[in-house]
Amino acid sequence: MPVVDVDPDELRELTGHEEKSDDELKDDLFGLGLEFEGMSEDGEFQLEFAPDRLDRLSVEGVARSLRYQYGDASGIYVPDTNDAEWTIEVDESVPDERPYVTGAIVRGVDLSGGALESLIQLQEKLHATMGRKRAKGAIGIHDLTMIKGRSARSADERVSSPKRRPADDRAAEPRDDGGTATESHDPDATDAAASNSITYRGVDPNGDTFVPLDDDAERTPAAVLTEHPTGEQYADLLTDYERYPAIYDDLGLFSFPPVINGRRTEVTEDSRDLLVELTGTDQWTIDRMCNIICYALDARGGTIEDVTVSYLDLDVEKPDFETDEKVVTHERIESTLGIDLTEDDVLDLLGRAGLGAESEDWGEQGTDYVVEIPPYRTDVLHPVDVVDDVGRAYGFNDLVPRYPDVSTVGGRTERSRLERAVRETLVGLGHQDLLNFHLTNEAENYDRMGLSAGSDVVGGGEPATIAEPYSEDYTIVRTWALPSLVALLENNTHRAYPQDVAEVGFAAERDDSNTGVAERRTVAGAVVRHDASYEDAKARLQVIARDFDVDLETPATTHPSFIDGRTASVVIDGETVGVVGEVHPEVLVEHDLEVPVAAFEFRLDALAD
Amino acid sequence: MELPQRELAVLEAASADEPTPIAALASATGQKPETVTGAAFDLEERGLVAVTEDTVADVELTDEGERYRADGLPEVRLYAAALDAGADEAPVSMGAVLGAADLEGPEVDIALSNYARKGYGEIASGDLSADPTADPESDAEAAALDRIADGDPIDDDVRETLERRDLVVVNERTVRSVALTDDGVDALMAGVEATEAVGQLTPEMLASGEWADVEFADYNVEADAETPSSGKTHVLRATAERVKDVLVGMGFEEMEGPHADSEFWINDALFMPQDHPARTHWDQFALSEPSEVDDLPADLLERVESAHREGVGRDGDGYHSPWTEEMARGVDLRGHTTSLSMRYLSGEAVGDLEPPQRYFSVEKVYRNDTLDATHLLEFFQIEGWVMAEDLSVRDLMGTFTEFYSQFGIEDVRFKPHYNPYTEPSFELFGTHPRTGEVIEIGNSGLFRPEVLEPLGVDCDVMAWGLALERLLMLTHGFEDIRDVHGTLADIDFLRDTEVVY
């Protein structure tokens, strides 16, 4: 889960609650679902949280949530935006694999103090989460003054007063502003949008060069992927691309998404005007990532300015601050939280969750709330998510637990009862009960037991195989349990004998069933002592057969893990279900064992009624 | 006649003329006094001896008594000094005489009071006179101190005086003495032989009745015996059994199902988006062989896909993530047993379920991780859920508070959390029963409509999960999970672990 470093002093400053002690802040944050993990070296809180509220990946977002929690803010907030002066032209050369782009201009932002650091952290955390390690969405932030638009107007011609959206006071009432396409804007704005432009396009990997961040040499995109540390890290994302994504201004290539920005447009603490651009595989995803960045910069005093994204067949205005709407019933809120609330309570709680809300009274049929969701929220898919927000605003830990008045009859599966009974019998016979891993490797499971995969003996089945294991030691699911017992004995040769051991456990092998895996419970036991013999193992089987009232026969057989002439099939009620014998000296020596081992293994279900 | 050796020895050492104390018999026979006492009573039961009891007063000098024995009694020393000072002629100043007698502190009063009592002289207005006829050599109390030190008896009156003066302590004890009866004498005259001491009680002895006449040799019962090789239920298994007992007691029924399962049941049914970071091979064990299941329930597949793409309900939204049936067909070792919950809730496992229901499992799950002290590639997940018409967060809290209190974990706190498949969701925190530390003890929530509606469930279901190993480490204080689980386990560790009940 993401961990975000948040400076408590900045939190106090941004919330306006200078009086809050560190401990009070920690408690308040726990209530939001942010768990204090420890202090960083710089004295920042390290907060861990689940990746639903990505808007809280920065100190600005955390502060916003706290202000709602403290009651300092209420209802939905959507920043005003100025009309677009910049256009991102989407060229037809853009790689098919990464067709979408979005962005925003932010002016007058103050990145001094911790603000730049916080912005960089937010960018990284968004990459790691919603951006799926930049595959789904990648963010580039640039110093706008370093970018030369194709038909740039001088700065003083810029529209200086923010153009208001239709509804002015958005915190107080729901907005009716769905349209973001260019058509909804006046002709002047369209002119302005055309005045500066940059281009999102595809480039020859070995074509144009640029100087990437943290570098001082001109490199082609392909060279960046092999020569620059950041390039090496993200090279995999572009493996199948014929053309690489790139963003150009009049001076040339300045951004190589999703890998790295150019050094020319690098953002510093002194940068005041920023270009935010995002590319990705899903428009909604990058739009939301862009919104989260814009909200954070808004909290740093920035003014958001629209950008026109000009696709081949459609112009759209970004950032997309359109709000979403959910209808939730009063009854659902009460039944989920298990408490009675008035309509005013609910409206107050919704406001404190940062949501816009209006109630609709349907008389007999109860009350509904029409809830408006701010555009930085990515997690509200269904009205239950609104109910959760109400619960958080109320304080879940203020709810009093009650044992549900629901009566049911408990019980265990037959197999689980049988397993326990067989285990008890084995323990009664003096076997140490074992609990081994189900995962192993081919050497342990077959080779070192003298066995090969695909042979028609106990344990000889083909294994279910892990596609991409981390560890060479755990690559397959064991096909039988005896190798686990022998491995444990190998690790305990320094311990006192006898070491009679047993396991009632799981084993599986491939078959032609629906999942392709036949799973079974298996009973394995070993008598391990200086005078262990076939008779000892057989004797134990006899006890088990007697206890579970089954008929046991042991016709002679052969098995590569056992000594010929001292090996038998375990036949229970006429069906061959396992093997019993003296373990072959080659297997013993292979496992550094200096005592004989008599062992058996058979299917647990053979003992079932 | 035959007697056990210990009795025979006592019989032979005892006398008919005079009772012999046990202590004397012990040194005469070379047996312990308690053995002799036991033998004497056995012999008395046979009528061969009489055991008598006397109360004996043991007199011992106190530290003060010892000192006076060495230095002389204070009054005697005072008399000697008084004579030296000529007090037998005429009274002398008391102060000078006390100094000469080297008396100080409490000894002064002791000296003066006994001086007069014993007639060594008189004391009047600070002057001291001495009686020239007094004889310190014949002071009975001084003599008695010496006799006590030598272990000789003393006169009762003197003893009482000394006791009053705290110069001696008197301990009374019972002394048993043994004397032969006439039968005893007769038996000895007729001849008595020792029966043999027996090491092991045998079936033959029991059958023949020989046991009644034999003597059993004493064992050193305090010595440790060799510890037998024994079997024991594995501590983690025993913990699983305990958890199952608790859950069955709370009305939960057990689930079972495949370890290798389709991603559909493991992830898609749980409304986990297909591009969720936990669905990469870095976190889950995808199988290469087999790699795909043949069949998935077609209707359910369609409903689940629709939930992912479009959401459920009037204004529900889906994910903005890709979704393919191919991915749903992939076979994994399950990363959680919630796949079983999905199979049961859908009706796939045991047919359609009507509320109310409670189900649980304590089964293995698999995570592609690095093995270390607190992480295993496979571990047991405790999974449980409750299905009912109306369930609230309070019901969830009440159920889990009850469950954890069974393991001594109180004060459960609920941290609002996010899971793709539950809403509201909570991480559960509790206080470690031993260290008092607040630690995460589980994850819980109410299943989302996007999970339940495709499964055809139209009531509420709350669920929770917890690693069994975590519970064990909490309740047992284990530090390295590899000691417990897997082939690296030390068999002595398993043998020595306290049982779970």
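The values are calculated or read from the model by the stated rules, or taken from the named source; none is laboratory data. Values in this document were obtained by computation on a predicted structure and should not be read as measured data. Cβ placement follows ideal geometry from the backbone for every residue including glycine, while neighbour counts extend to all protein chains displayed.
What the table below lists for this structure:
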quantity: Residues of region A:462-505 satisfying the condition of being among the charged types (D, E, K, R), within 26 Å of A:ARG423 (Cα to Cα) and in a loop (DSSP other than H, G, I, E, B); calculated: A:ARG478, A:ARG495, A:ASP500
quantity: Residue ranges of strands (runs of 3 or more DSSP E) in region A:255-342 with at least 2 members over 30 Å from the mean Cα position of the chain (by Cα); calculated: A:303-310, A:315-318
quantity: Among the residues listed as B:THR399, B:THR435, the single one being surrounded by fewer than 18 Cβ atoms within 10 Å (Cβ to Cβ) and within 33 Å of the chain's Cα centre (by Cα); calculated: B:THR435
quantity: Where a residue in region B:387-403 is more than 7 Å from chain A (Cβ to nearest Cβ) and its partner, wherever it lies, is in a helix (DSSP H, G or I), with Cβ under 7 Å and at least six apart; calculated: B:PHE403/B:VAL246
quantity: Criterion: facing chain A (nearest Cβ under 9 Å) and of a type in the set (Lys, Arg) - qualifying residue of B:ARG434, B:ARG448; calculated: B:ARG448
quantity: Hits in region A:508-535 - residues which are part of a strand (DSSP E or B) and either touching a helix residue (DSSP H, G or I) at 6+ places or on another chain (Cβ under 9 Å) or basic (Lys, Arg) (or both); calculated: A:ARG510, A:ARG520, A:ARG521, A:THR522, A:VAL523, A:ALA524, A:GLY525, A:ALA526, A:VAL527, A:VAL528
quantity: Region A:283-324 - residue that is free of Cβ contacts under 8 Å to residues at least 60 places away in the same chain and within 14 Å of chain B (Cβ to nearest Cβ) and, of those, farthest from A:PRO375 (Cα to Cα); calculated: A:TRP284
quantity: Cross-chain or 6+ apart pairs with Cβ under 7 Å, region B:285-312 first and outside the structural domain of B:ALA349 (by TED's automatic domain parsing), then hydroxyl-bearing (Ser, Thr, Tyr) and in a loop (DSSP other than H, G, I, E, B); calculated: B:PRO290/A:THR515; B:VAL293/A:THR515; B:HIS308/B:TYR319
quantity: Inter-residue pairs, beta-carbon under 6 Å, first outside the structural domain of A:ARG67 (by TED's automatic domain parsing) and in region A:26-49, second surrounded by 15 or more Cβ atoms within 10 Å (Cβ to Cβ) and aromatic (Phe, Trp, Tyr), 6+ apart; calculated: none
quantity: Cβ-Cβ under 9 Å pairs, at least 6 apart or on other chains, region B:413-424 side at the interface with chain A (Cβ under 7 Å from one of its Cβ atoms), far side among the basic types (Lys, Arg); calculated: B:PRO416/A:ARG392; B:TYR418/A:ARG53; B:GLU423/B:ARG448; B:PRO424/A:ARG392
quantity: Within region A:380-395, considering residues that are facing chain B (nearest Cβ under 9 Å), hydrophobic (A, V, I, L, M, F, W, C) and in contact (Cβ under 8 Å) with a residue 40 or more places away in the chain, the one farthest from A:ASP368 (Cα to Cα); calculated: A:VAL380
quantity: Region A:436-463: number of residues that are facing chain B (nearest Cβ under 10 Å) and in contact with an Asp or Glu (Cβ under 7 Å, 6 or more places away or on another chain); calculated: 6
quantity: Test: residue in region B:44-67 that is over 30 Å from B:ALA194 (Cα atoms) and either among the hydroxyl-bearing types (Ser, Thr, Tyr) or at pLDDT 90 or above (or both); calculated: yes
quantity: Subset of region A:541-580 [of a type in the set (Ser, Thr, Tyr) and surrounded by fewer than 16 Cβ atoms within 10 Å (Cβ to Cβ)]; calculated: A:THR558
quantity: The lone exception for A:LEU489 - which of (1) under 25 Å from B:ALA260 (Cα atoms); (2) crowded, with 21+ Cβ neighbours inside 10 Å it fails; calculated: (1)
quantity: Meets criteria (within 11 Å of another protein chain (Cβ to nearest Cβ), of a type in the set (Phe, Trp, Tyr) and out of contact with any Gly (no Cβ under 7 Å at 6 or more places or on another chain)) for B:PHE360; calculated: no
quantity: Given (1) away from every other protein chain (no Cβ under 14 Å); (2) in contact with a His (Cβ under 9 Å, 6 or more places away or on another chain); (3) crowded, with 19+ Cβ neighbours inside 10 Å, index of the condition A:PRO79 fails; calculated: (2)
